[in-house]
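The values are calculated or read from the model by the stated rules, or taken from the named source; none is laboratory data. These numbers come from a predicted model, not from an experiment. For neighbour counting, all protein chains shown are included, and Cβ atoms are generated from backbone atoms with ideal geometry for every residue, glycine included. SASA here: full protein model, heavy atoms, side chains in, ligands and nucleic acids out. Shrake-Rupley method; radii C 1.70, N 1.55, O 1.52, S 1.80 Å.
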Amino acid sequence: MAKSAPIQGNFNGGEVSPLLYGRPDLDKYKTGLQTCENFVALVQGPVERRPGTHHIVAVKTSATATRAVRFEFSTTQAYILEVGNQYMRFIKDHGQIESGGSPVELATTYLTADLFDLKFSQSADVLYITHPNYPPRKLQRTSHIAWTIADIDFLDGPYFNVNVETTTLTLGGTTGSVSVTASAITHINSGTGFQTADIGRLIRWKDAAANWTWLEITARTSTTIVTALIRGADASATTATTDWRLGIWSTQTGYPACSSFHQDRLAFGGGVDTTQRVNLSRTGDFENHAPTDPDGTVVDDHGLTVTLSADNVNAIRWLADDEKGLLAGTVGGEWVIRPTETGGILTPSNIQAKRSSAYGSANLSPLRAGRALLFMQRAKRKLRELAYVFEDDGFRAPDLSLISEHVTRGGIIELAYQAEPQSIVWMVRADGTLVGLTYDRNQQVVGWHRHVVGGYSDSGKTVQAKVESVASIPNPTGTADEIYIVVNRYINGATVRFIEYLEPYWDATNAIADAFYVDSGLTYSGGSTLTLTGLAHLEGEVVSVLSEGATHPPVTVASGQITLTIATTKAHVGLAYTSDLETLRPDSGAKDGTAQGKFARMHRVIVRFFQTVGGKIGPDASNLETLVLREGGDPMDTAVPLFSGDTEVEWDAEYSSDAHVMIRQDQPLPMTVQAIMPQMNTQDR
């Protein structure tokens, strides 16, 4: 019988897939966990209990899905947009923006079913919004309470190719509002002629003097006659010509699906009739797509158009800026659009598009994390890291979810990136689970963790509350990034959707009274009181309470308030949640080959904690004992002090081939695990 005392002092491998339970040879096995729920794997190696979520406000219409969207002008002027069915509201500095006592609200045309297909690109105080079924729009902020949204008034383009048929267009005048008459319907809307849905569409038309002007259709008379407003230079004549081209975007043809800034141009991609086409604006003039000067001269800063030439239809799902080119994710693969000449800039005569990989992209916006771009593969199960490789002079896209494929099962529907204080990609899974990925490529850290928020989403309290949207913005002081979520719960007989944010991670300078480990919670700080009010959003719920740094028995909210058994001057109140971590089977101590599959018995476990109070430990969820972290000299009438150091636990477990250590925190208190050191006997056969 072999004795051993292994140590696991690094957990940043996160929760690994059951498919890897037979691979103790992998480095990720040595730093991984079987369960990492409501714990965050830190880049440095420990695992820390995730902080609770702070309640801000219920969404305007709790009956329908609502999206949280990032709007960041600067690190100190950052907002969360509450985007719901045909409206927007605004959150700043942990509160909803109001004017005259009412929420600031902006009417939109976006329906609930379309919210999660909206894509965004921001430049200073302007947020460009795209969706294939809506004209591109821009949201503008002029102050905290002054917001506007309007269709983008595109100038001179973009257009389809110049007509190559015999169909002519004749103008009814040379300036202002004129009739436009086509000699035939050929080359107009696939041979169907002008349609009512063409209203608002652009036309580029060359006059008898070989000068181009452009018009906007304002009315439709028939399949061959429309009325249009000349918005470019006046025409020199009304002569019929075959030199004309129609605008790409309209209700008839659809609108772009995504956008991105690149080399001081605004690029638009995808759409209904232009699935593989990318259009870039004039340099420094984001809403101008003029392909030439009026006399036909083409210069370097004119608008650009490029079509991705593939064997099959590759609808563009996203665009992203990169120092090596404009990246495009399509259904069939990932592309890079860059100058033909190395080191040059994009111009009408210096542009090419090449496929970089063929994994295929989901219809989700990617994230920039360091020098890499992270995107979801087409089935929304694999998160890939698109990064330039010098040796290949191209991009590689390894699968970051390979070692934890089970965590994304069901599909990811939204992503957000938190750069500070830990580098974490946050994702919403289709079933409402919040998924985290601790990611630091320089340190080779890729660690997955799952988060289940407190509360339930059904009247029987059997289905856990669901996270439906996630976004990240800098905190009010600009010192860290905060995660905002939209949570679906069932409270007081109705479905509610709350906007909440994750409290900061535990700081070693914090006092135990500052520990915030409840969900949808609120904080009271003031004079000594037995009654805490303002809890109407949790009416009828059993809530967890931390009072003066000590746990209080659970209390039920009635009439928006609770009554404590002991008066408090500082308390955190909210829904309880449980944090679990469980180790993988150890592979140590055998004299004859591997310890895997052999009977072993842990008889003692030493755990190194940091800034921890409370918790439970045992071999599995059914056999947990309370950790005793209070010293004998600690006063009994005060909160248990924070504990940092080693605690030894006698282990009452049988011999088993499936030995684990499980640690649980189900009190509203912090916990950080730095190392687990079991002492065990292993039987060789």
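If you scan the stretch 75-112, which residues turn out to be over 23 Å from the mean Cα position of the chain (by Cα) and charged (D, E, K, R)?
Within the stretch 75-112, 98, 105 qualify.
Across the stretch 177-212, which residue is least open to solvent (accessible area, probe 1.4 Å) among those that are in contact (Cβ under 8 Å) with a residue 24 or more places away in the chain and on the phi > 0 side of the Ramachandran plot?
Out of the qualifying residues, it is 193.
Tell me, please, whether a residue that is aliphatic (A, V, I, L, M), at pLDDT below 95, part of a loop (DSSP other than H, G, I, E, B) and more than 26 Å from residue 543 (Cβ to Cβ) can be found in the stretch 598-608.
no
If you scan the stretch 579-593, which residues turn out to be part of a loop (DSSP other than H, G, I, E, B) and either under 42 Å from the mean Cα position of the chain (by Cα) or under 16 Å from residue 677 (Cβ atoms) (or both)? Let's see the steps before the verdict.
Here is the first cut: in the stretch 579-593, the residues part of a loop (DSSP other than H, G, I, E, B) are 584-593.
Within the stretch 579-593, 584, 585, 586, 587, 588, 589 qualify.
Anything in the stretch 530-550 that is hydrophobic (A, V, I, L, M, F, W, C), open to solvent by 30 Å² or more (accessible area, probe 1.4 Å) and in contact (Cβ under 8 Å) with a residue 40 or more places away in the chain? List them, or say none. Walk me through how you get there before you give the answer.
Restricting attention to the stretch 530-550, the residues satisfying the condition of being hydrophobic (A, V, I, L, M, F, W, C) are 530, 532, 535-536, 538, 542-543, 545-546, 550.
Still in the list and also open to solvent by 30 Å² or more (accessible area, probe 1.4 Å): 530, 536, 542, 550.
Listed by number, the list holds a single entry, 550.
Being of a type in the set (D, E, K, R) and either open to solvent by less than 10 Å² (accessible area, probe 1.4 Å) or more than 28 Å from residue 19 (Cα to Cα) (or both) is the filter here; which residues of the stretch 551-604 pass it?
Applying the first criterion (of a type in the set (D, E, K, R)) to the stretch 551-604 yields 570, 580, 582, 585, 587, 591-592, 598, 601, 604.
570, 604, listed by residue number.
Could you grab me the full set of residues in the stretch 513-528 that are open to solvent by less than 30 Å² (accessible area, probe 1.4 Å) and either at positive phi or not in a loop (DSSP other than H, G, I, E, B) (or both)? Reasoning before the result, please.
Taking the stretch 513-528 as the starting set, the residues that turn out to be open to solvent by less than 30 Å² (accessible area, probe 1.4 Å) are 513, 515-521.
Hits for the stretch 513-528 are 513, 519, 520, 521.
Would you mind finding the one in 526, 614, 618 that is in contact with a strand residue (DSSP E or B) (Cβ under 8 Å, 6 or more places away or on another chain) and within 22 Å of residue 51 (Cα to Cα)? Outline the logic, then answer.
Working: 526 fails: within 22 Å of residue 51 (Cα to Cα); 618 fails: within 22 Å of residue 51 (Cα to Cα).
After applying the criteria, what remains is 614.
Starting from the stretch 8-19, keep only residues that are under 16 Å from residue 580 (Cα atoms), then list their pairs with residues that are assigned to a strand (DSSP E or B) and open to solvent by 30 Å² or more (accessible area, probe 1.4 Å) whose Cβ atoms are within a distance under 7 Å, requiring at least 6 positions of separation or different chains.
As it stands, the answer is 15/450, since those pairs meet every condition given.
Residues being in a strand (DSSP E or B) and not charged (D, E, K, R): count how many of those fall in the stretch 335-352.
Start the filter on the stretch 335-352 by keeping residues that are in a strand (DSSP E or B), which leaves 335-338, 347, 350, 352.
Checking the rest, the ones that are also not charged (D, E, K, R) come to 335-337, 347, 350, 352.
Number satisfying all stated conditions: 6.
Matching residues to (1) under 24 Å from residue 494 (Cα atoms); (2) open to solvent by less than 10 Å² (accessible area, probe 1.4 Å); (3) of a type in the set (Phe, Trp, Tyr); (4) in contact with a Cys (Cβ under 6 Å, 6 or more places away or on another chain):
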{"position": "5", "(1), (2), (3), (4)": "no, no, no, no"}
{"position": "26", "(1), (2), (3), (4)": "no, no, no, no"}
{"position": "41", "(1), (2), (3), (4)": "no, yes, no, no"}
{"position": "67", "(1), (2), (3), (4)": "yes, no, no, no"}
{"position": "87", "(1), (2), (3), (4)": "yes, yes, yes, no"}
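So which of 355, 381 ends up being basic (Lys, Arg), in contact (Cβ under 8 Å) with a residue 24 or more places away in the chain and not in a loop (DSSP other than H, G, I, E, B)? Show your work before the answer.
On the way: 381 fails: not in a loop (DSSP other than H, G, I, E, B).
Checking each option against the conditions leaves just 355.
Consider the stretch 383-409. How many of its residues are over 20 Å from residue 41 (Cα atoms), surrounded by 15 or more Cβ atoms within 10 Å (Cβ to Cβ) and of a type in the set (Gly, Ala, Ser)?
2
Considering the stretch 466-489 alone, what residues qualify as being open to solvent by 10 Å² or more (accessible area, probe 1.4 Å) and among the polar types (S, T, N, Q)?
475, 477, 479, 488
For the stretch 441-456, which positions are modelled with pLDDT under 95 and at negative phi? Let's see the steps before the verdict.
Restricting attention to the stretch 441-456, the residues satisfying the condition of being modelled with pLDDT under 95 are 441-444.
Across the stretch 441-456, the qualifying residues are 441, 442, 443.
Checking residue 452 against (1) surrounded by 22 or more Cβ atoms within 10 Å (Cβ to Cβ); (2) closer than 30 Å to residue 120 by Cα, which single condition isn't satisfied?
Answer for residue 452: the failing condition is (1).
Scanning for something touching a residue at least 60 places away in the same chain (Cβ under 8 Å), outside any loop (DSSP other than H, G, I, E, B) and either touching a Ser or Thr at 6+ places or on another chain (Cβ under 6 Å) or basic (Lys, Arg) (or both), does the stretch 554-574 turn up at least one residue?
From the stretch 554-574, those touching a residue at least 60 places away in the same chain (Cβ under 8 Å) are 572, 574; that's our starting set.
If we keep only those that are outside any loop (DSSP other than H, G, I, E, B) as well, we get 572, 574.
This time we only want the ones that are either touching a Ser or Thr at 6+ places or on another chain (Cβ under 6 Å) or basic (Lys, Arg) (or both), so: 572, 574.
Checked the stretch 554-574: at least one residue is touching a residue at least 60 places away in the same chain (Cβ under 8 Å), outside any loop (DSSP other than H, G, I, E, B) and either touching a Ser or Thr at 6+ places or on another chain (Cβ under 6 Å) or basic (Lys, Arg) (or both).
Does the stretch 213-241 hold any residues that are open to solvent by less than 30 Å² (accessible area, probe 1.4 Å), of a type outside the set (Phe, Trp, Tyr) and not in a loop (DSSP other than H, G, I, E, B), and which are they? Steps first, please.
Going residue by residue through the stretch 213-241, those that are open to solvent by less than 30 Å² (accessible area, probe 1.4 Å) are 213-215, 217, 226, 228, 230, 232, 235, 237, 241.
Filter once more, keeping what is of a type outside the set (Phe, Trp, Tyr): 213, 215, 217, 226, 228, 230, 232, 235, 237, 241.
Correct list: 213, 215, 217, 226, 228, 230, 241.
Go through (1) touching a residue at least 60 places away in the same chain (Cβ under 8 Å); (2) over 30 Å from residue 257 (Cβ atoms); (3) in contact with a Lys or Arg (Cβ under 9 Å, 6 or more places away or on another chain) for residue 457 and report which single condition fails.
(1)
Tell me which of these residue 128 doesn't satisfy, since it passes every other one: (1) under 18 Å from residue 141 (Cα atoms); (2) out of contact with any Pro (no Cβ under 9 Å at 6 or more places or on another chain); (3) of a type outside the set (A, V, I, L, M).
The one condition residue 128 does not meet is (2).
Considering (1) open to solvent by 30 Å² or more (accessible area, probe 1.4 Å); (2) more than 30 Å from residue 584 (Cβ to Cβ), say which one residue 380 fails and leave the rest.
(2)
Answer yes or no as to whether residue 375 is in a strand (DSSP E or B), open to solvent by less than 30 Å² (accessible area, probe 1.4 Å), farther than 26 Å from residue 30 by Cα and at pLDDT below 95.
No; evaluated as a whole, the condition is false for this residue.
Can you tell me which of 81, 33, 19 is outside any loop (DSSP other than H, G, I, E, B) and surrounded by fewer than 19 Cβ atoms within 10 Å (Cβ to Cβ)? Break it down stepwise before answering.
On the way: 81 fails: surrounded by fewer than 19 Cβ atoms within 10 Å (Cβ to Cβ); 33 fails: surrounded by fewer than 19 Cβ atoms within 10 Å (Cβ to Cβ).
Checking each option against the conditions leaves just 19.
For the structure I just gave you, tell me whether residue 362 is in contact (Cβ under 8 Å) with a residue 12 or more places away in the chain and buried (at least 20 other Cβ atoms within 10 Å of the Cβ). Even if it seems obvious, please write down each step before you answer.
Values: in contact (Cβ under 8 Å) with a residue 12 or more places away in the chain: yes; buried (at least 20 other Cβ atoms within 10 Å of the Cβ): yes.
Considered against the rule, which asks whether it is in contact (Cβ under 8 Å) with a residue 12 or more places away in the chain and buried (at least 20 other Cβ atoms within 10 Å of the Cβ), residue 362 comes out as yes.
Taking into account only those residues within the stretch 291-319 that are touching a residue at least 60 places away in the same chain (Cβ under 8 Å) and touching a strand residue (DSSP E or B) at 6+ places or on another chain (Cβ under 6 Å), which is farthest from residue 134 (Cα to Cα)?
Filtering the stretch 291-319 for residues that are touching a residue at least 60 places away in the same chain (Cβ under 8 Å) and touching a strand residue (DSSP E or B) at 6+ places or on another chain (Cβ under 6 Å), the one farthest from residue 134 (Cα to Cα) comes out as 294.
With the stretch 260-321 as the region, which strands (runs of 3 or more DSSP E) entirely inside it contain at least 3 residues that are open to solvent by less than 40 Å² (accessible area, probe 1.4 Å)? Explain how you work it out, then say what you get.
Working: elements: 265-269, 277-280, 304-307.
Qualifying strands (runs of 3 or more DSSP E): 265-269, 277-280.
Tally up the residues in the stretch 650-680 that are open to solvent by 20 Å² or more (accessible area, probe 1.4 Å) and part of a strand (DSSP E or B), please.
The total comes to 6.
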